[in-house]
Amino acid sequence: MRHYLKETDLSKEETLGLIADARASRGERSQVLAGRYLGLIFSKPSTRTRVSFTVGAYQLGGHALFLNEAELQLGRGETIQDTARVLSGYLDGVVIRTFSQRDVEEFAAAATIPVINGLTDDRHPCQALADIMTISEYHEDLTKVKVVYLGDGNNVAVSLACMCAYVGAHVVLSTPPELTVPQWAIAESRELAAASGGRVDVITEPAEAVREADFLYTDVWFSMGQQSVPEKRERLLPYRIDAPLLAQAGPDCRVMHCLPAHRGEEISAEVMDGPRSIVFQQAENRLHAQKELLKRLMGSAQE
Ligand code: CP
Ligand code: NVA
């Protein structure tokens with residue numbers, strides 16, 4: 001029984017295999033999850049994660065059950081451990097979207113079914129799986145790719161940095177110094193890069209960061225659970241992906257965003273809706289990559 005709580009919970013080879021299979025089996029309908037039930041415990045909103053896991057489970061012959069945390073006894077103080085033990089008796093797997101990474105880890109420790117991290121304040125590993133799959137659709141050799149993240153050093157930035165470093169890519173983190181990716185994540189991604197031959201750079205100046213980039217990536221400036229603060233917006237303005245910044249990147253540079261996007265904030269409408277944007281392909285790949293994840297964690301072949 002395995003969990004997917006962070007990027008390295010699948011080995012590098014398994015990750016690359018998953019991406020290859022996801023690309024090859026796009027649109028697959030099968031019965032690999034026949035008679036299996038996937039629970040989705042969410043305490044934050046979601047469009048992509050919720051719908052792609054639900055549809056993905058159905059396309060593989062399984063069932064999905066959405067469980068709003070506020071409507072569970074968990075929301076009234078039942079412990080994570082008790083909830084995990086009880087739900088393990090009903091379900092065959094669970095996706096959790098919540099605030100604290102530790103809560104997901106505690107759930108997984110008490111559960112006897114696979115647990116998947118559907119986003120925490122610290123990480124978004126399923127997003128990173130779809131991201132690296134999307135990148136591989138443009139550059140087969142991931143060790144020759146330069147990915148530049150611009151904006152707030154948040155959960156998506158952490159998972160992107162760790163995933164890119166894991167597979168041997170070059171990742172540049174460009175954030176204002178006070179909004180940088182947390183030091184633990186920079187250290188973790190650098191350790192992964194040291195093992196893979198990848199590279200992690202922190203470059204504050206956006207124009208310098210984007211030079212020769214193959215991909216520019218951004219995310220919202222205010223993540224779920226955060227207050228919108230004018231000073232933070234002001235600090236992040238130079239990190240917006242707009243046409244002038246994109247013009248300073250590599251000639252074939254593509255633009256990525258995990259979505260939802262705020263046009264005119266972290267990305268201009270012109271870039272978001274322009275020919276270099278691959279954000280909708282990236283969003284669709286959530287479905288393809290996560291189906292492969294479900295097969296590996298919950299499929300009948302795993303017994
Ligand atoms: N990118 C992503 O996780 O989107 P949702 O918040 O809509 O699930
Ligand atoms: N950083 C964003 C990602 C949303 C998919 C958030 O946590 O709200």
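The conditions are (1) in contact with a Phe, Trp or Tyr (Cβ under 7 Å, 6 or more places away or on another chain); (2) more than 24 Å from residue 195 (Cβ to Cβ); (3) away from ligand 2 (no atom under 15 Å from the Cβ), and residue 135 fails exactly one of them. Which is it?
(2)
Restricting the search to region 2-39, which residues are over 15 Å from residue 289 (Cβ atoms) and without any contact (Cβ under 8 Å) to a residue 60 or more places away in the chain?
11, 13, 29, 30, 31, 35, 37, 39
Does residue 49 count as free of Cβ contacts under 8 Å to residues at least 40 places away in the same chain, surrounded by 16 or more Cβ atoms within 10 Å (Cβ to Cβ), of a type outside the set (Phe, Trp, Tyr) and within 14 Å of ligand 1 (Cβ to nearest atom)? Give the derivation first.
Values: free of Cβ contacts under 8 Å to residues at least 40 places away in the same chain: no; surrounded by 16 or more Cβ atoms within 10 Å (Cβ to Cβ): yes; of a type outside the set (Phe, Trp, Tyr): yes; within 14 Å of ligand 1 (Cβ to nearest atom): yes.
Here the answer is no, as residue 49 does not meet what is asked.
Pull up region 48-71, narrow it to residues that are within 16 Å of ligand 2 (Cβ to nearest atom) and touching a Leu at 6+ places or on another chain (Cβ under 8 Å), then point me to the one that is farthest from residue 92 (Cα to Cα).
Checking each candidate, the answer is 48.
Those residues that are closer than 18 Å to residue 277 by Cβ, within 24 Å of the chain's Cα centre (by Cα) and of a type in the set (Gly, Ala, Ser), I need them from region 220-249; list them, please.
If the condition is that a residue be closer than 18 Å to residue 277 by Cβ, within 24 Å of the chain's Cα centre (by Cα) and of a type in the set (Gly, Ala, Ser), then 249 is the only one that fits.
Would you check which residues across region 188-219 are of a type in the set (Val, Ile, Thr) and either more than 16 Å from ligand 1 (Cβ to nearest atom) or surrounded by fewer than 22 Cβ atoms within 10 Å (Cβ to Cβ) (or both) and list them?
Across region 188-219, the qualifying residues are 200, 202, 203, 204, 210.
Look through region 57-74, keep the residues that are touching a strand residue (DSSP E or B) at 6+ places or on another chain (Cβ under 8 Å) and away from ligand 1 (no atom under 16 Å from the Cβ), and return whichever of them is nearest to residue 120 (Cα to Cα).
74
Quick one: what pairs do we get from region 95-117, first residue within 16 Å of ligand 1 (Cβ to nearest atom), second of a type outside the set (S, T, N, Q) and at pLDDT below 95, C-beta under 8 Å, 6+ apart or different chains?
Between residues of region 95-117 that are within 16 Å of ligand 1 (Cβ to nearest atom) and residues that are of a type outside the set (S, T, N, Q) and at pLDDT below 95, the close pairs are 98/69.
Can you tell which of 54, 49 is in contact with a strand residue (DSSP E or B) (Cβ under 9 Å, 6 or more places away or on another chain), at pLDDT 95 or above and within 28 Å of residue 153 (Cα to Cα)?
49
Of 200, 220, which residue is among the hydrophobic types (A, V, I, L, M, F, W, C) and in a loop (DSSP other than H, G, I, E, B)?
220
Out of everything in region 120-133 that is of a type outside the set (A, V, I, L, M) and within 12 Å of ligand 1 (Cβ to nearest atom), what residue ends up being farthest from the chain's Cα centre (by Cα)?
120
If we keep just the residues of region 265-303 that are at pLDDT below 95 and part of a loop (DSSP other than H, G, I, E, B), which is farthest from ligand 2 (Cβ to nearest atom)?
Per the stated criteria, the residue is 303.
The values are calculated or read from the model by the stated rules, or taken from the named source; none is laboratory data. All figures in this text were calculated on a predicted structure; none of them were measured in a lab. Here Cβ is always computed from backbone atoms with ideal geometry, including for glycine, and neighbour counts include all displayed protein chains.
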